[in-house]
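Have a look at the structure below before the remarks.
Values quoted throughout were computed directly from the atomic coordinates according to the rules given, and no laboratory measurement underlies them. Just so we're clear, the structure is a prediction, and the values are computed from it rather than from any experiment. Neighbour counts are summed over all protein chains in view; Cβ atoms, including those assigned to glycine, are modelled from backbone coordinates with ideal geometry.
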Amino acid sequence: MTDWSEVYRATFPDLVRYLHRKVWDEDRARDLAQDAFARALDSSAADGEPANPRAWLFRIAANLAHDEARLATRRRRHLTLLTVETDPAPAPDPLETMEREAREAAARAALGRLSERDRETLLLWDAGLSYTEIAEQTGLSVGAVGTTLARARRRLVEAHAGLEAKHAAH
């Protein structure tokens, strides 16, 4: 029987990091990670224990992040139709905000230039999944995970360097 409290302690930080790179919002990533655990617990009670709870949680989280992206797109379209005035919040340090946003935008842009398989493999590896777990999640063979990661890292560095060169030229 799965010790879900141990799975939670061992997996939650990696799951949040993985989801943060999917949705680019720390609070939302934490919420989605909690949702993934809730769904996993509900499903395991109804359908039985998964063979690999950690990999199964990442699969659930990937599906939640995909659903989140579709919902965010719909919300943005809807919000452009509405104009709501709110009280302005105290402004954070503009220079700090610009630097953080620039780093995040550069990372998003470089990741966006990768294929879906390369991006997903890198994000799963960054979240701490083993090669076996990455293979289960992506459909790659365990032997192909290392090669895919090496190529994906190289492509990410090249994409980032290309974006930097393009930005410096302007």
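Descriptive notes on the structure:
- Convex hull volume per residue in cubic angstrom - Cα atoms of segment 94-161: 77
- In the chain, the DSSP-assigned H stretches of four residues or longer account for a calculated mean residue ellipticity at 222 nm of -27500 deg cm²/dmol, using -39500 (n - 2.57) per stretch and the full residue count as denominator.
- Note on L149, L71: ascending count of other Cβ atoms within 10 Å places them as L71, L149, the fewest first.
- With all pairs of separate Cα atoms included, the chain yields a Kirkwood hydrodynamic radius of 18.1 Å.
- Exposure proxy ranking for K166, K22, based on other Cβ atoms within 10 angstrom of each Cβ and starting from the fewest, stands as K166, K22.
- When S5, S141 are sorted by how many other C-beta atoms sit within 10 angstrom of their C-beta, beginning with the fewest, the order is S5, S141.
- Gain upon complete extension [E49, A69; 0.36 nm per residue less C-alpha separation]: 4.3 nm
- Dipole magnitude for the chain: computed about the Cα centre from +1 point charges on Lys and Arg Cβ and -1 point charges on Asp and Glu Cβ, it is near 800 debye.
- Inter-label distance, nm, simple model (7 Å from Cα along the C-beta direction), R117/R100: 3.7
- Tilt relative to the chain, helix 53-81 - C-alpha long axis, 0 to 90 degrees, to 10: 30
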